[in-house]
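Remarks on the structure that follows.
The values are calculated or read from the model by the stated rules, or taken from the named source; none is laboratory data. Just so we're clear, the structure is a prediction, and the values are computed from it rather than from any experiment. Glycine also receives a Cβ, built like all others from the backbone with ideal geometry; neighbour counts cover every protein chain displayed. For the accessible areas, the whole protein counts, side chains as well, though only heavy atoms, and no ligand, DNA or RNA atoms are used. Shrake-Rupley method; radii C 1.70, N 1.55, O 1.52, S 1.80 Å.
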Amino acid sequence: MNVFSGYSKNEYVLKDFSCSFAPSTVTAVIGANGSGKSTLLKTVARQIKTFAGQVVINGRNLVEYPVRELARTVAVLPQVRNVPSISARTLVMHGRFPYLPFPRIASAKDKAIVDDCMQATDTLQFADKDVSELSGGQRQRVYIAMLLAQQTQIMLLDEPTTFLDMSCQFEVLELIRSLKAQGKCVIVVMHDLAQATEIADNVLLVDDGKNAFFGTPEELLASGALEKHMNIIPRKAVDENGKELFFFSKKD
């Protein structure tokens with residue numbers, strides 16, 4: 001709470017930032033480029049320094065967690081990452097590293113967990129294929145399987161549908177929805193507002209490193225926060241089945 005974090009003491013990105021996230025929920029983080037969305041994920045993952053305030057997980061200050069325990073609590077899927085030339089199963093096994101003693105020899109239990117996670121993400125069928133040979137959607141599902149194998153309470157996803165075609169985007173979004181049913185606290189940075197309001201239990205709008213709005217998609221659309229902080233106006237339509245559909249346009 002009341003967090004100041006960033007890349008140097010003279011360059012705060014998050015400024016007096018406070019928010020809380022619950023288990024079994026998906027929170028979509030939205031905001032303009034440079035507003036602090038990715039910095040928020042890095043702060044929760046302890047990848048950058050918190051200069052003031054506290055990040056608290058399960059009643060404990062984030063700085064109190066030993067490295068291996070933190071890796072068993074928080075899993076991160078960054079937006080930009082290298083594509084290794086290893087099999088999909090080997091990549092997913094990396095999610096078990098926080099649990100493996102040196103020299104990281106997987107037990108039968110670890111192998112079973114990996115197979116279960118690949119089954120859950122529909123990636124077991126290409127477990128032996130090189131990750132570099134997979135399509136974008138397949139590769140993204142493998143990375144999510146790796147996060148599942150990490151068996152953390154909190155999952156941080158930074159723009160997981162970027163550069164994917166529409167079909168693959170829908171597959172990844174459905175997979176994210178399934179994480180909620182597993183009791184995960186999922187925090188996902190998104191640029192597509194229609195997808196964000198469709199998938200999320202709550203939406204966090206970040207503006208200039210601050211919590212500009214936090215609430216349900218319905219509350220966001222009624223609040224005027226999109227117009228105020230992003231110059232975007234939501235518009236509503238109803239389809240033939242009576243379902244409300246939302247569209248977004250730039251404020252004139």
*Does segment 127-162 hold any residues that are more than 16 Å from Val80 (Cβ to Cβ), open to solvent by less than 40 Å² (accessible area, probe 1.4 Å) and not aliphatic (A, V, I, L, M), and which are they?*
Asp130, Gly137, Arg141, Gln150, Thr152
*asked:* Restricting to segment 67-80, and then to whatever is open to solvent by less than 70 Å² (accessible area, probe 1.4 Å) and in a loop (DSSP other than H, G, I, E, B), can you tell me which residue is nearest to Pro160 (Cα to Cα)?
replied: Pro78
*Any idea which residue in segment 22-64 is nearest to Asp207 (Cα to Cα), counting only those that are aliphatic (A, V, I, L, M) and open to solvent by 70 Å² or more (accessible area, probe 1.4 Å)?*
Val56
*If we keep just the residues of segment 163-200 that are under 22 Å from Asp110 (Cα atoms) and of a type in the set (S, T, N, Q), which is most open to solvent (accessible area, probe 1.4 Å)?*
Gln182
*Considering only segment 216-252, state which residues are within 18 Å of His191 (Cβ to Cβ), open to solvent by less than 50 Å² (accessible area, probe 1.4 Å) and assigned to a strand (DSSP E or B).*
Ile232, Ile233, Pro234, Ser249
*Restricting attention to segment 91-120, report how many residues are small (Gly, Ala, Ser), part of a helix (DSSP H, G or I) and either in contact (Cβ under 8 Å) with a residue 60 or more places away in the chain or surrounded by fewer than 16 Cβ atoms within 10 Å (Cβ to Cβ) (or both).*
2
*Considering only segment 201-215, state which residues are farther than 16 Å from Phe21 by Cβ and open to solvent by 10 Å² or more (accessible area, probe 1.4 Å).*
Asp207, Asp208, Lys210, Ala212
*Pull up segment 59-87, narrow it to residues that are among the polar types (S, T, N, Q) and at pLDDT below 95, then point me to the one that is nearest to the chain's Cα centre (by Cα).*
Gln79
*Scanning for something among the aromatic types (Phe, Trp, Tyr) and surrounded by fewer than 15 Cβ atoms within 10 Å (Cβ to Cβ), does segment 5-19 turn up at least one residue?*
yes
